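See below for the structure under consideration.
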Amino acid sequence: MTWAGPQLYIATTRPADVEKILTNCLNKSPFYENFNDVMKDTLLTSKVSIWKEHRKMINPSFNLKILSSFHGIFVKYSREIVKYLYDVEGTEQTDFLSVVWEKTLDVALDDTIESKRFLPNLTKLSRTEQITREEILEETSFMMMAASETAAITINTILTILGIYSDIQERVYQELVSVLPNMESSPTQEELNRLDYLKRVVKEILRLVPTIPFILRYADEDIKCDPYVFPAGSNLVVPLVLLHRDPDVWPDPEKFDPDRFLPDEVAKRHRCSYIPFSYGARNCIGPSKIWNDAGKSNGCDDSEELQSTNCRYEIMEGHPVGIYGYAEG
Ligand code: HEM
């Protein structure tokens, strides 16, 4: 608990508190007003009254059937990322994140334009004055950013961690070879669904390095989290990065262990002990899409390229956060 001037901030990592907060507090903390220049009144930051209306209108554009229709777009740009990796093999250093970001932005643009649903649906509603043209523009550009930036950072983190743990990379590769015998052709959704080990690896990566490290909500009323009461008017912080490393829930929390996500292990934990896409009515609108992104970036690779990769990663001096890749000589 801390005061930042007149604002009270309370953080909790108890999964039961987290569930209560994310279920009951749908308003965002005033902290998000820092982003008003770029995303005022968009889904991420808007007050509940506006958010409820917009989410109702946008939700139908994110059903599974529509998302599955983007399969070809994901495959196309995944191949471009793989080609880039192949091209830079042997170079000392590469700005991989910028390249992936360019590709995920292309995916987001193609999705929006080719789906022929998101914009026309909203435009139809604007004719009945349920949403203004300015609001459509704001929501669309926010969606581009929400989709492309998070996906790029996540893909970058996944490949970095696979570079660090070569034994895990090898197991992922062996699974790919067995599930996708013909890597020249595009993987089907059914094949991607069978990449169980890869899915566990991605989940473990998002546990240790959640792309969104914290969530902030606002308490409109007192929230009772026995034995505490989080008072109305306070900012409630859910630090995902700490929640996902609580030693009482995650034994040896710093250890990279994808088997934490075997079904029996998952069943032992509280449903809010792991929430990279948040929880409750105001959770992320696009997680299933992200699982597709993650699967396909790794899934449609060419076997030779994977076998010949010898990338390792190191944290560069003076860049405590950025991780740069280099190929062994
Ligand atoms: C690995 C990638 C992603 C992660 C980890 C992620 C995570 C999150 C998190 C933690 C939130 C905050 C929810 C809260 O305040 O409780 C959020 C919100 C949101 N995300 Fe994502 N996200 C990802 C990708 C995407 C993609 C691809 C899209 C769009 C296609 C998207 C669209 C949104 C939207 C619209 C919101 C606001 C939801 C609302 O308030 O109703 N996200 N995301």
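The values are calculated or read from the model by the stated rules, or taken from the named source; none is laboratory data. Since this is a predicted model, take the numbers as computed values, not measurements. As a convention, Cβ positions derive from the backbone with ideal geometry for all residues, glycine included, and neighbour counts pool all protein chains shown.
The sole residue among Asp196, Asp167, Asp222, Asp226 that is more than 24 Å from Leu43 (Cα to Cα), touching a strand residue (DSSP E or B) at 6+ places or on another chain (Cβ under 6 Å) and among the charged types (D, E, K, R) is Asp222. Checking each residue in segment 229-260 for being touching a strand residue (DSSP E or B) at 6+ places or on another chain (Cβ under 9 Å) and away from the ligand (no atom under 14 Å from the Cβ) picks out Val229, Phe230, Pro231, Ala232, Gly233, Ser234, Leu242.
Let's see how each residue does on (1) in a strand (DSSP E or B); (2) at pLDDT below 95; (3) over 22 Å from Glu33 (Cα atoms):
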{"position": "Glu221", "(1), (2), (3)": "no, no, no"}
{"position": "Lys224", "(1), (2), (3)": "yes, no, yes"}
{"position": "Leu236", "(1), (2), (3)": "yes, no, no"}
{"position": "Asp246", "(1), (2), (3)": "no, no, yes"}
{"position": "Pro251", "(1), (2), (3)": "no, no, yes"}
{"position": "Val266", "(1), (2), (3)": "no, no, yes"}
{"position": "Cys272", "(1), (2), (3)": "no, no, yes"}
{"position": "Ser288", "(1), (2), (3)": "no, yes, yes"}
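Counting only helices (runs of 4 or more DSSP H) that fall entirely inside segment 112-209 and contain at least 2 residues that are buried (at least 17 other Cβ atoms within 10 Å of the Cβ) and at pLDDT 90 or above, the qualifying elements are 133-164, 166-179, 196-208. Per the conditions (1) within 30 Å of Tyr32 (Cβ to Cβ); (2) under 18 Å from the mean Cα position of the chain (by Cα), the sole criterion not satisfied by Leu198 is (1). The set of residues in segment 55-81 that are outside any helix (DSSP H, G or I) and out of contact with any helix residue (DSSP H, G or I) (no Cβ under 8 Å at 6 or more places or on another chain) contains only Asn63.
Suppose the filter is assigned to a helix (DSSP H, G or I) and in contact (Cβ under 8 Å) with a residue 24 or more places away in the chain; does Thr104 pass it?
Working: assigned to a helix (DSSP H, G or I): yes; in contact (Cβ under 8 Å) with a residue 24 or more places away in the chain: yes.
Yes; evaluated as a whole, the condition is true for this residue.
To keep it simple, each residue is scored yes or no on (1) among the aliphatic types (A, V, I, L, M); (2) within 17 Å of Ile215 (Cβ to Cβ).
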| site | (1), (2) |
| --- | --- |
| Trp3 | no, no |
| Ala16 | yes, yes |
| Val38 | yes, no |
| Leu44 | yes, yes |
| Lys47 | no, yes |
| Glu53 | no, no |
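Condition first: assigned to a helix (DSSP H, G or I) and either on the phi > 0 side of the Ramachandran plot or surrounded by fewer than 18 Cβ atoms within 10 Å (Cβ to Cβ) (or both). Now tell me which residues in segment 33-54 satisfy that.
If we filter segment 33-54 for residues that are assigned to a helix (DSSP H, G or I), which is where we start, we get 33-39, 48-54.
Listed by number, the residues that qualify are Glu33, Asn34, Phe35, Asn36, Asp37, Val38, Val48, Ser49, Ile50, Lys52, Glu53.
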